[in-house]
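The values are calculated or read from the model by the stated rules, or taken from the named source; none is laboratory data. Note that the coordinates shown come from a computational prediction; the quantities given were computed from them, not determined experimentally. Glycine also receives a Cβ, built like all others from the backbone with ideal geometry; neighbour counts cover every protein chain displayed. Calculation scope for accessible area: heavy atoms of the full protein, side chains included, ligands and nucleic acids excluded. Shrake-Rupley method; radii C 1.70, N 1.55, O 1.52, S 1.80 Å.
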Amino acid sequence: MYVCISMKKSIIILAFLAIAGMPANVSAQKWEGLAETPQMGWNSWNKFGHNISEELIRQQADAMVESGLVDAGYIYLNMDDCWHGDRDADGFVQPNTETFPSGIKALADYVHSKGMKLGIYSDAGRKTCAGRTGSFGHEYQDAIQYARWGIDYLKYDWCSSENINPRGAYALMRDALRAAGRPILFSMCEWGSNKPWEWAAEIGHSWRTTGDITARFAGDPRQRGWGQTVLSIIDQNAPLRKYAGPGHWNDPDMLEVGNGMTVNEDRAHFTMWCMMAAPLILGNDLSKMSAETCAIILNRDVIAIDQDKLGVQGLRFKTENDIEYWFKPLVNGEWAFCILNRSEEPADLEINWQDFNLTDDEVSHLSTSFDQITYTVTDLWNKPAKKARTVTTKKNISVTVPGHDVILYRLTPQTGRK
């Protein structure tokens, strides 16, 4: 008897046949070669929340190109929650036809034509955090759909996940993405609830280490309601540096630069994410950026600290009252050195480099060796004129760190020893 099978059902059958015949060592691996340095891009949630549409995504794509962000390395354009419609009769998720009338495939084609990659959002639970269609029970179907649409990035949340095992749920979606056949960066958004840094290196390309960020630099979270401050998130993420590295990054959540903090706070926020080798996912309206915001997120010297191929998260070496001294080892024997002022008041400091002879015993096993090596000191936020005197670590330096701000230096070893 002849049986007519719909195209969508045929895809499901073929997918499961392919999965069944796939070697175990292939289906159990995430896509390699992605996020060898922390991913860079933009996400809709921090600024626009539920209010997204294909018109907005196209607008932000245009702004990413015109502002120079794509040339600077921001290549992922990510839709967060609320793009969803319902599932069709065969169980495949569909976009909201009112807000995404052209469909996701057409949107992906547009984003790709701009030299970028398109990201999408789902949830390991039954519903997303905004109450839309989750992926629970439909993981392989959703992965197939994303691959058909041309998706390049999946942010996978953790709402409505009662009685679901997180390690199993995220591994299941990893395997589904691999089986679907299209390389998709897997960004785990489990909020650090189940310590994913201890088990997720073989599952995701990054994992959230904290709850959601908000555009507040400091303060008592209990008095502010929803969201965590920048400083609170730094404190939670800082001790986890040994778990991060190429292809598997600690994610202290998306950036709030340009969303209402002061310029000093935005600069400090961006710098500390770079020092912590965090994904740089912008969350502001790219079509309405101030010159100050552009100067921060387009500073390629600072971005290079985040994107350094050694892939080591920075070390909070020393704390004195509200002043923190951070070091990040870089390739070719260089170091990033950052002074973070957590206070609202400016701090006048004298830097004696011999106070900072250290060895990174936990991760890189590299040493600053200021007692043996002279470094050229480059201020990455306040570059001097070309005719200015070269600053080195042979002498102490005096600096003023404004309140809620940073000083960031790149230290380059000079040829030869002292």
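Note on the chain: GNM, Cα springs under 10 Å; of Ala295, Ala180, Ala63, the largest mean-square fluctuation is that of Ala295.
Kindly state, to the nearest 0.05, the FRET efficiency for Asp109 paired with Leu34, given R0 = 25 Å and r defined as their beta-carbon distance. Before the final figure, lay out each step's value.
Values: r = 21 Å, r/R0 = 0.83.
For Asp109 and Leu34, the calculated efficiency is 0.75.
Relative contact order of the stretch 218-317: 31 percent, from C-alpha pairs under 8 Å at least 6 residues apart in sequence.
Rolling a 1.4 angstrom probe over the protein heavy atoms with all chains in place gives the stretch 46-127 an accessible area of 39 Å² per residue. Other residues with beta-carbon under 11 Å from the beta-carbon of Ser102 carry, at +1 per Lys or Arg and -1 per Asp or Glu, a net charge of -1. The GluC sites (Glu not before Pro) of the stretch 182-250 that meet both conditions, a loop assignment by DSSP and at most 12 other Cβ atoms within 10 Å of the site Cβ, are Glu202.
Taken per residue, the accessible surface of the stretch 190-267 reaches 37 Å², heavy atoms only and a 1.4 Å probe. Using a cutoff of 8 angstrom between alpha carbon atoms and counting only pairs six or more residues apart, the relative contact order for the stretch 84-225 works out to 18 percent.
Electrostatic tally near Asp253: other residues with Cβ closer than 10 Å to its Cβ, Lys and Arg +1, Asp and Glu -1, net -2. Per residue, the stretch 269-394 exposes 44 Å² of accessible surface when a 1.4 Å probe is rolled over the protein heavy atoms with every protein chain present.
Which trypsin sites (Lys or Arg not before Pro) from the stretch 213-302 combine a DSSP loop assignment with at most 11 other Cβ atoms within 10 Å? Spell out each step's value before the answer.
Details: sites: Arg216, Arg222, Arg224, Arg241, Lys242, Arg267, Lys288, Arg300; in loops: Arg216, Lys288.
Loop-located and lightly packed - Lys288.
Annotation note: trypsin sites (Lys or Arg not before Pro) in the stretch 82-156 located in DSSP loop regions with a Cβ neighbour count of at most 11 within 10 Å are absent. Mean residue ellipticity, 222 nm, helices only, the chain: the sum of -39500 (n - 2.57) across DSSP H runs of n ≥ 4, divided by residue count and rounded to 500, is -7500 deg cm²/dmol.
Roughly what % of DSSP beta bridges within the chain run antiparallel, to the nearest 5?
Working: 35 of 59 bridges.
If I count the DSSP bridges inside the chain, around 60 percent turn out antiparallel.
Once C-alpha pairs closer than 8 Å and six or more residues apart are averaged by separation and normalised to the residue number of the chain, the relative contact order reads 13 percent.
How far is the Cα center of the stretch 301-317 from the Cα center of the stretch 236-282, in Å? Here the answer is 11 Å between Cα centres.
Tell me whether the chain comes out rounded, prolate or oblate; compute the Cα gyration tensor, take square roots of the eigenvalues as a ≥ b ≥ c, and use a/c under 1.5 as the rounded threshold.
Working: a/c = 2.16, a/b = 1.86, b/c = 1.16.
Note, shape of the chain comes out prolate.
Rolling a 1.4 Å probe over the protein heavy atoms of the chain, with every protein chain left in place, gives an accessible area that is 49 percent carbon and sulfur.
A full extension of the chain between Glu98 and Glu345 corresponds to an added length of 84.0 nm, given 0.36 nm per residue minus the alpha carbon distance.
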